[in-house]
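Each remark here refers to the structure printed beneath this line.
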Amino acid sequence: MNRPAVLVTGGATRIGAAIVRRFAAAGWHVVIHYRSSAAAADALAAQLPSAETLCFDLADDDAAVAAVAGLAARCPEWRCLVNSASVFDYDGVTGLDPATNREAMQINALAPARLAQAFIAHTASTPGVRSVIHVTDMKIENTNPDFFSYTMSKHALAATIGMLAKGNPDSGVRVYGLAPGAVLASHDQREEETEISHRLNLLQRKTGADEIADAALFLSGGALASGQSLFIDSGQHLMDQPRDVIWLAREQAEGTPA
């Protein structure tokens, strides 16, 4: 296989699938990770010129690391890891739910950090620039009290970007953050709420999943210094929003306080 390869966790659906399609269009071999979305992963892979699927559960980070080692052994052109998979469940600042917190910290922070470490270690003989891209969230700059455990986990993931970059200066791997804002419908949003929430940013425009995918492809080329992050959110991270845009949009749609 002469194509460069990329592994996208959570690549079967939503933003992960957009990233997969963008890399495939640019000539990459894409490895689509999934846990339970086998049908979606297979259908997506069938549409692409060079793709495969890979199943593992990020709740079992030992198994995930083993899957990375196996992929590196059979895919010598593996050049990019995109940690896109995430869980997004609600708990609040006055009542952290321990089960929600444990799952968020495991899936959103611990597992991707270990995958990054394994990628760096197992692709050490791959020539040229390689990259790890952590998909974080604009909430790491524009924090509000909602989705407490989710936000906590994304802050933890963001903290690993600089540490991995500084700890591996001679590895040939550049470590980046990619922080989206409101892009797709989420949680329990209705269509009219989604339309409002996606424009609650400085430019008052909808940021598309294709923009996130374009940014991921750009980062894969290693043009930025390791440790940097890109915010693709039409300026949302520069705002000070008191609640998640789900509730701010609901307030506007219903004319009631969020």
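The values are calculated or read from the model by the stated rules, or taken from the named source; none is laboratory data. From a predicted model like this one, the values you see are computed outputs, not experimental measurements. Ideal geometry is used to build each Cβ from the backbone, glycine not excepted, and the neighbour counts take in all protein chains shown. Protein only, heavy atoms only, side chains kept; ligands, DNA and RNA dropped before computing areas. Shrake-Rupley method; radii C 1.70, N 1.55, O 1.52, S 1.80 Å.
Inspect the range 187-210 for any residue being open to solvent by 10 Å² or more (accessible area, probe 1.4 Å) and under 30 Å from residue 128 (Cα atoms) and give the result as yes or no. So far as the range 187-210 goes, yes, one or more of its residues are open to solvent by 10 Å² or more (accessible area, probe 1.4 Å) and under 30 Å from residue 128 (Cα atoms). For the range 38-47, the criterion of a residue being within 17 Å of residue 126 (Cβ to Cβ) and either assigned to a loop (DSSP other than H, G, I, E, B) or of a type in the set (Gly, Ala, Ser) (or both) is satisfied by no position.
Checked against the criterion of being of a type outside the set (Val, Ile, Thr), under 30 Å from residue 197 (Cβ atoms), in contact (Cβ under 8 Å) with a residue 60 or more places away in the chain and open to solvent by less than 60 Å² (accessible area, probe 1.4 Å), the range 121-138 contains one or more residues that satisfy it. Filter the range 4-35 down to the residues that are under 12 Å from the mean Cα position of the chain (by Cα) and on the phi > 0 side of the Ramachandran plot, then identify the one that is surrounded by the most Cβ atoms within 10 Å (Cβ to Cβ). By that ranking, first place goes to 10.
Under the condition of being surrounded by 17 or more Cβ atoms within 10 Å (Cβ to Cβ) and charged (D, E, K, R), the residues counted in the range 36-62 number 1. Residues in the range 76-130 that are modelled with pLDDT of 95 or more, of a type in the set (Gly, Ala, Ser) and not in a loop (DSSP other than H, G, I, E, B): 99, 104, 109, 111, 113, 116, 118, 121. Could you tell me whether any residue of the range 221-232 is crowded, with 19+ Cβ neighbours inside 10 Å, assigned to a loop (DSSP other than H, G, I, E, B) and modelled with pLDDT under 90? No, the range 221-232 has no match at all.
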